[in-house]
Amino acid sequence: MMQISVVIPLYNEEASIHELHEWILRVMTEHQFTFEIIFVNDGSKDHSEKILNQLAQQSENVHVIHFLKNYGKSQALHAGFKVASGEVVITMDADLQDNPEEIPELYQMIVEEKFDLVSGWKKVRHDAILTKNIPSKLFNKVASWTSGIKLHDFNCGLKAYKKEVVKCIDVKGEMHRYIPILAKNEGFDKIGEKVVKHQARKYGTTKFGAERFLHGFLDLISVWFFTKFGKRPMHFFGALGGLMFFIGFLATAWIGISKIYKLWNNQPAILVTNNPWFYIALTAMIIGVLLFIAGFLGELILNNNQHTQRYQIKNSTKQSEKN
Ligand code: UDP
Ligand code: MG
């Protein structure tokens, strides 16, 4: 079996392709790996397409996938993962910020130390301090804390995977930042980290602006939610809805009972509708019911969607019948 598939997503990186290809080639020949390089051109508007086609023609180790337009890094990784056939799959950015010299050690960690996934850690980072390094530190802390995965650099482009992992995980949207969490969700929890060398961007500019952090945090909330309640939405919405309804119900009961008590004892009592608590109680009960309905809808969608993968079988002695 082929040992390594290198998957490289790229968008407008014409200046670095040749250099990167030669560097990877050098490392692979030095260590005598059997390998393939899969470049996924994410709708580049520069000359990347032409350069890649030439490379693919010259070298049988190089494969290229061209997207019709720019769909984003996650989609590019997904397309590469689908066709990768190496025992170990390594992803790296195309901008020469990730160092191909790390490949042999990453490969060893997967094959010999039996990691499911090894994520690079750009311990010494050559990016803008204020706009990237500091927010990224915060972002990694939160991701590590919410997922329970002890990594310092979730979004490092340089990662190595056991083949089964990339065939299982579904990277979409902008979820490339959370691949270790996606892998853990699928049961691949032997996740390691390796300090990797990082270079400053040699050519071109970064493709992600400051909005990356806003998107990143919003996605993190989604990932957290999917991880915990993706397969059982009612447990989330039902619990929250039940709580709201209960609070509303208690407040209503209190308003009603105190009104009756005052009338009974001939004390002055304001109209229930003049009592501000009445509206708070009413709103809480309505929100409670709405949350419950959201829970039911979630369960309905899950139940009716036959394509939802509910479990992954590692191996089985019984093959399913084909009809
Ligand atoms: N990339 C991509 N599609 C996009 C944006 C980026 O394939 O829509 C690629 C890009 O060409 C590079 C990698 O993803 O190979 C990382 O992007 P970049 O270097 O801009 O990110 P940064 O290093 O600033 O985090
Ligand atoms: Mg980069």
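Residues that are within 15 Å of ligand 2 (Cβ to nearest atom) and without any contact (Cβ under 8 Å) to a residue 40 or more places away in the chain occur at least once in segment 185-205.
If you take the residues in segment 208-239 that are of a type in the set (D, E, K, R) and either under 20 Å from Tyr71 (Cβ atoms) or within 16 Å of ligand 2 (Cβ to nearest atom) (or both), which one is modelled with the highest pLDDT? Before you say what the answer is, go through the steps one by one.
So in segment 208-239, the residues of a type in the set (D, E, K, R) come out as 211-212, 219, 228, 231-232.
In the following step, the residues that additionally are either under 20 Å from Tyr71 (Cβ atoms) or within 16 Å of ligand 2 (Cβ to nearest atom) (or both) were identified as 211-212, 219.
Working: Glu211: 86, Arg212: 85, Asp219: 91.
Per the stated criteria, the residue is Asp219.
Whether any residue in segment 208-228 is in contact (Cβ under 8 Å) with a residue 40 or more places away in the chain, within 16 Å of ligand 1 (Cβ to nearest atom), loosely packed, with under 13 Cβ neighbours inside 10 Å and aliphatic (A, V, I, L, M) is what I want to check. Yes, some residue in segment 208-228 is in contact (Cβ under 8 Å) with a residue 40 or more places away in the chain, within 16 Å of ligand 1 (Cβ to nearest atom), loosely packed, with under 13 Cβ neighbours inside 10 Å and aliphatic (A, V, I, L, M). Only one of the numbered conditions (1) crowded, with 18+ Cβ neighbours inside 10 Å; (2) within 13 Å of ligand 1 (Cβ to nearest atom) is not met by Met175, and that is (2).
Per-residue answers, yes or no, for (1) closer than 17 Å to Asn12 by Cβ; (2) among the aromatic types (Phe, Trp, Tyr); (3) touching a His at 6+ places or on another chain (Cβ under 6 Å); (4) more than 13 Å from ligand 1 (Cβ to nearest atom):
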residue	(1), (2), (3), (4)
Phe33	no, yes, no, yes
Phe39	yes, yes, no, no
Thr91	no, no, no, no
Met109	no, no, no, yes
Ile134	no, no, no, yes
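If only residues of segment 16-31 that are more than 16 Å from ligand 1 (Cβ to nearest atom) and assigned to a helix (DSSP H, G or I) are counted, the one that is nearest to Gly86 (Cα to Cα) is Met28.
Answer yes or no: is there a residue in segment 274-281 that is closer than 30 Å to Gly187 by Cβ, aromatic (Phe, Trp, Tyr) and modelled with pLDDT under 95.
Within segment 274-281, the subset closer than 30 Å to Gly187 by Cβ is none.
The answer is no; no qualifying residue exists.
The values are calculated or read from the model by the stated rules, or taken from the named source; none is laboratory data. Here the structure is a predicted model, which is why all the values come from computation and not from measurement. Cβ sites come from the backbone with ideal geometry, for glycine too, and all protein chains shown count toward neighbours.
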